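The values are calculated or read from the model by the stated rules, or taken from the named source; none is laboratory data. Keep in mind it's a predicted model, so treat the numbers as computed, not measured. Cβ atoms come from the backbone with ideal geometry, glycine included; neighbour counts cover every protein chain shown.
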Amino acid sequence: MIRFMRLALFLVAIVLVQTAVMPYLRVGDVVPELGLVATVAIAYREGPELGAGFGFATGLAIDLFLQTPLGLSALAFSLTGYLVGILQGAMAQTAWWVAPVLGGLGGLIGGLLFVGIGALVGQEQLWALRSLRIVGLSALYDAVVAPLVFPVAAFAARSGGPRTAGASGGPGW
């Protein structure tokens, strides 16, 4: 129950920062997708099921603030979370470069899924070269903010019991 509450508060905080703060921190006319980076962090730490579920919930919350079809971000985030969760078993558990690489890769995958699925459901404005530039720049921005998001996501997703040193069972962010 405590873990669920932490994840819910983390989701609300991510959505608030994404919608209220990040528009003022544009670089190259793009903002990082904090919900997607948080989804990648949780999927990497906890696996595909929680990653997909958190991605769906976060994407749906973000969709409420977008002019694209409701559920488009939810589907893209969910699929990205599931893919990263599957890949997490084959990766090294802790290294300083994991968060930025996964943040950027997750941003790229999630952005391409968003654009591709959006174009398939009739959002022709997404099917443009400008969209690919935005996805690429946003993925770079995601890589930059990932080292800040991953530790908070790790705290939110951890199990409720007391922890001892070395008993993390996963990445130690």
* Return the only residue of 87, 102 being within 19 Å of residue 48 (Cα to Cα) and either surrounded by 21 or more Cβ atoms within 10 Å (Cβ to Cβ) or touching a strand residue (DSSP E or B) at 6+ places or on another chain (Cβ under 8 Å) (or both). => 102
* Pull up the range 55-74, narrow it to residues that are touching a residue at least 40 places away in the same chain (Cβ under 8 Å) and more than 12 Å from the chain's Cα centre (by Cα), then point me to the one that is surrounded by the most Cβ atoms within 10 Å (Cβ to Cβ). => 72
* **Enumeration of residues in the range 73-113 that are modelled with pLDDT under 95 and among the aromatic types (Phe, Trp, Tyr)** => 96, 97
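Condition check ((1) closer than 19 Å to residue 143 by Cα; (2) in contact with a strand residue (DSSP E or B) (Cβ under 9 Å, 6 or more places away or on another chain); (3) among the aliphatic types (A, V, I, L, M); (4) not in a loop (DSSP other than H, G, I, E, B)) across all residues:
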position: 37; (1), (2), (3), (4): yes, no, yes, yes
position: 40; (1), (2), (3), (4): yes, no, yes, yes
position: 44; (1), (2), (3), (4): yes, no, no, yes
position: 51; (1), (2), (3), (4): yes, no, no, yes
position: 56; (1), (2), (3), (4): no, no, no, yes
position: 61; (1), (2), (3), (4): no, no, yes, yes
* Asked: Out of curiosity, is residue 16 in a helix (DSSP H, G or I), farther than 18 Å from residue 136 by Cβ, in contact (Cβ under 8 Å) with a residue 40 or more places away in the chain and of a type outside the set (Val, Ile, Thr)?
  -> no
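Listed here are the residues, each with its yes/no results for (1) within 20 Å of residue 115 (Cβ to Cβ); (2) surrounded by fewer than 18 Cβ atoms within 10 Å (Cβ to Cβ); (3) at pLDDT below 95.
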residue	(1), (2), (3)
8	no, yes, no
13	no, yes, no
39	yes, no, no
53	no, no, no
